[in-house]
Amino acid sequence: MSRDLVVLENQLTPLSPHFAAVLPKGLPPERLIRTIMVSVERLPKLLECDRQSLFNAAMSAAILGLEVDGVTGQAYLLPFKNRAQLVVGYKGYNTLAARSGITITGAVVREGDDFDYQLGTAAYVRHKPKGGKGKITHAWACAQSLDRPAVVAVMDIDELLAV
């Protein structure tokens, strides 16, 4: 481990009680610190960032209870103009939603799949993939909760390519 990484780890360790105060059960502060170290090892430019911005981004990850290792896809520490920033990945948003009782699902639809949907007040998606490797025609996502109506979004290939 490089000297800079050792210094960073020594700076993060005293913050452990502060992380522990906000982390959800099941995510110990040592694990968060390890994921921060993994992020910095993968992206050494983070060491050039203002250290307080790195600590703030780490605390934001702790408050959200998301790992920042770049492997789980939950969240990332990224350098922007010498400041570290927390960027939540789509898996992080799924994790946060699941903790709130919301399930998010989605998929791409390919030529030959059975696909039907309806938007509006009685929204639904019915998708049976055929397992082929046909061209993508649509993508869909659905957010569901036991106490709220489903929220459905569907995009055709032209809309997808425009994004």
Checklist entry - How much length, in nm to one decimal, is gained on full extension between F80 and S2, taken as 0.36 nm per residue of separation minus their Cα-Cα distance? => result 25.8 nm
Checklist outcome for this item: Within segment 57-101, the residues whose backbone N lies under 11 Å from a label point placed 7 Å from the Cα of H18 along the Cα-to-Cβ direction are 57-60
Item to check | Eligible lysines near K133 by straight Cα distance, threshold 29 Å, same-chain separation 8 or greater | outcome: K91
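Between D156 and L43, what is the FRET efficiency for a Förster distance of 45 Å, r being their Cβ-Cβ separation, to the nearest 0.05?
Numbers: r = 36 Å, r/R0 = 0.80.
After rounding to 0.05, the efficiency reads 0.80.
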Next on the checklist: With every protein chain kept in place and ligands, DNA and RNA left out, what is the accessible area per residue of the chain? Probe 1.4 Å, answer in Å².
Outcome noted: 62 Å²
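Share of segment 50-163's accessible area from carbon and sulfur, percent, 1.4 Å? All intermediate terms of the calculation are to be shown ahead of the outcome.
Numbers: 3950 of 7140 Å².
Using a 1.4 Å probe with all protein chains present, segment 50-163 comes out at 55 percent carbon and sulfur.
Once you sort the root eigenvalues of the Cα gyration tensor of the chain as a ≥ b ≥ c, which label holds: rounded (a/c under 1.5), prolate (a/b larger than b/c) or oblate (the other case)? Walk me through the numbers on the way to the answer.
On the way: a/c = 3.11, a/b = 2.06, b/c = 1.51.
Note, shape of the chain comes out prolate.
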Item to check | Contact order normalised by residue count of the chain, Cα under 8 Å, 6+ apart, percent | outcome: 14 percent
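Among rounded, prolate and oblate, which fits segment 1-52 when a ≥ b ≥ c are the square roots of the eigenvalues of its C-alpha gyration tensor, a/c under 1.5 means rounded, and a/b larger than b/c means prolate? Mind dumping the intermediate values first?
Details: a/c = 2.12, a/b = 1.84, b/c = 1.15.
Here segment 1-52 falls in the prolate category.
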Checklist entry - Of S53, S100, which has the most accessible area and how do the rest follow, probe 1.4 Å? => result S100, S53
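What's the extension gain from D116 to V87 if we count 0.36 nm per residue and subtract their Cα-Cα distance? Intermediate results must be reported in sequence, preceding the final value.
Details: separation 29, 0.36 × 29 = 10.44 nm, distance 3.39 nm.
The span from D116 to V87 would gain 7.0 nm if fully extended.
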Checklist outcome for this item: Cα-based Rg/(2.2 N^0.38 Å) for segment 64-129, rounded to two decimals, is 1.56
Item to check | Within the chain, longest stretch free of exposed trypsin sites (Lys or Arg not before Pro) [DSSP loop, at most 16 other beta carbons within 10 Å] | outcome: 26-80
Checklist entry - Along segment 78-94, what does the Karplus equation 6.51 cos²θ - 1.76 cosθ + 1.60 (θ = phi - 60°) give for ³J(HN,Hα), rounded to whole Hz, x for Gly and Pro? => result 10, x, 9, 6, 6, 10, 7, 10, 8, 10, 7, x, 5, 5, x, 5, 5
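The values are calculated or read from the model by the stated rules, or taken from the named source; none is laboratory data. From a predicted model like this one, the values you see are computed outputs, not experimental measurements. Note that we place each Cβ from the backbone using ideal geometry, even for glycine, and neighbour counts take in every protein chain shown. The protein model used for the area step is the full one, side chains on, heavy atoms only, and it has no ligands, DNA or RNA in it. Shrake-Rupley method; radii C 1.70, N 1.55, O 1.52, S 1.80 Å.
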